[in-house]
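In what follows, a structure is listed as structure tokens, so that the remarks can point back to it.
The values are calculated or read from the model by the stated rules, or taken from the named source; none is laboratory data. Just so it is clear, the model here is predicted, and its values are computed rather than measured. So basically every Cβ, Gly included, is an ideal-geometry build from the backbone, and we count neighbours across all protein chains shown.
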Amino acid sequence: MDSAEFVDKHRAVLTQRVTTVMPIADYLLQMGVIHDEAYSNISAAQTSPAKMRELYMALQTGGVKAKSAFYTSLLKNARFLVEELNTTIVASCESNTSSLPGGAASTETENTKQSAGNKIKVPLLLVSTLDELDSKQLERFQGYLNYGVTGFDPIPNSQLENATTMKTVDLLVTRWCDDGALINTQNILKLMGLNKLANALVKK
């Protein structure tokens, strides 16, 4: 996983757990990755998660270069968290994937590989699918994430409260990685009786 991919993949966790935001912002400003206005917005935010959300917004215009610089600063200012994400979360993903019904060669996993072969980014695919749900359906979908996913670590209700579609997808991918997020989304949609949407998810 390259640095930019790491920054995207672990956005939800980094937003919640990075506390040394201003030293990171100082570095990015010095490197010319973010501008004065973005720096001011980060500085003005009242909490570390709020500062991180502003920082991520600023990174979007800088592309891969900006995310690589952010990762470099993370290694200096939050190395323990980077190392944790590079080990425990990867291990969790591997464990979850291996526990899928039918093993690694299951139909769902093969469908996931097909999607990857078509170069469709799983988070983007999930967002476009969950955007089809109305607010009540999204809330019901989120309820399954806390108790209805066999063989996978649940996502706590505290993290799902008032979560938008984008936030929900961030949590899915962070907790279960691409394969687990895609497979569980499809299964939950079927449990909700949304078979057409679930089947369309695999075909995209």
Exercise. Working only within the stretch 132-163, note down all residues that are modelled with pLDDT of 90 or more and part of a loop (DSSP other than H, G, I, E, B).
Key: Glu132, Leu133, Asp134
Quiz item: In this structure, is Asp26 part of a helix (DSSP H, G or I) and modelled with pLDDT of 90 or more?
Solution: yes
Self-check item: Count of residues meeting criterion [exposed (fewer than 12 other Cβ atoms within 10 Å of the Cβ) and in a helix (DSSP H, G or I)] in the stretch 60-74
Solution: 1
